[in-house]
Each structure stands twice: as C-alpha cells, then as structure tokens.
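Values quoted throughout were computed directly from the atomic coordinates according to the rules given, and no laboratory measurement underlies them. All of these numbers come straight from a predicted model, not from anything done at the bench. All Cβ positions, glycine included, derive from the backbone under ideal geometry; neighbour counts span all protein chains shown.
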Amino acid sequence: MLIDPHQAGREIRRVRLAAGLTQVQLAERAGRARPHLSALERGARVPEITTLGEWAAALGHSVLIDARGVHLVPADSIEITEAE
C-alpha cells in the first residue's frame with residue numbers, strides 16, 4: 001500500500017497540535033531532528049511505516065493504515081483479539 005505523504009504529514013501535525021506540542025518538543029521526544037519532522041508534516045518526504053510508528057509512539061499513539069490513509073490513534077484504544 002502506498003502512503004500519501006501529504007495525508008500522513010497532516011495527520012502527524014493534527015495530533016501534534018492537539019497534544020499542544022511544538023515541532024521541537026516532538027522531535028526531542030522522538031529523538032529525531034526537527035527538520036525531519038518539518039519535512040514529514042509538509043509532505044516533502046514519503047515516510048516509512050517504522051518512522052511513522054516512531055513519531056506516533058512519541059505522541060502516545062499507534063499507526064493505523066487503511067484504504068483512507070494513515071491514522072494515528074491513541075495507543076490504549078487498540079484492542080487485539082484472536083480470530084475464531
């Protein structure tokens with residue numbers, strides 16, 4: 001599945017702003033450089049799934065990818081069940 005870098009960037013930015021964090025604060029939490037986050041939020045680079053996971057974890061979220069795109073959901077809202 002291809003990830004739309006603009007949609008993924010908007011989602012990271014949405015959650016970051018909702019958390020009341022600056023790019024610098026989130027970059028420090030994630031142990032990454034702020035310019036990397038800036039490029040991601042602008043859609044200037046196609047993120048790898050593992051990279052999205054690192055940014056999401058720094059926000060206390062998990063990554064969910066479906067036909068509509070990338071979504072960050074609170075990490076404690078995901079329930080894993082066994083198939084019958």
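Miscellaneous remarks
- Residue match in the stretch 14-31 (condition: within 26 Å of Ala67 (Cβ to Cβ) and in contact with a helix residue (DSSP H, G or I) (Cβ under 9 Å, 6 or more places away or on another chain)): yes
- Matching option when the condition is surrounded by fewer than 18 Cβ atoms within 10 Å (Cβ to Cβ) and in contact with a helix residue (DSSP H, G or I) (Cβ under 7 Å, 6 or more places away or on another chain), among Arg42, Arg10: Arg42
- When the stretch 57-68 is filtered for residues that are among the charged types (D, E, K, R) and either surrounded by 14 or more Cβ atoms within 10 Å (Cβ to Cβ) or not in a loop (DSSP other than H, G, I, E, B) (or both), only Asp66 remains.
- Helices (runs of 4 or more DSSP H) fully within the stretch 4-56 counting 1 or more residues that are in contact (Cβ under 8 Å) with a residue 40 or more places away in the chain and within 16 Å of Pro74 (Cα to Cα): 5-18
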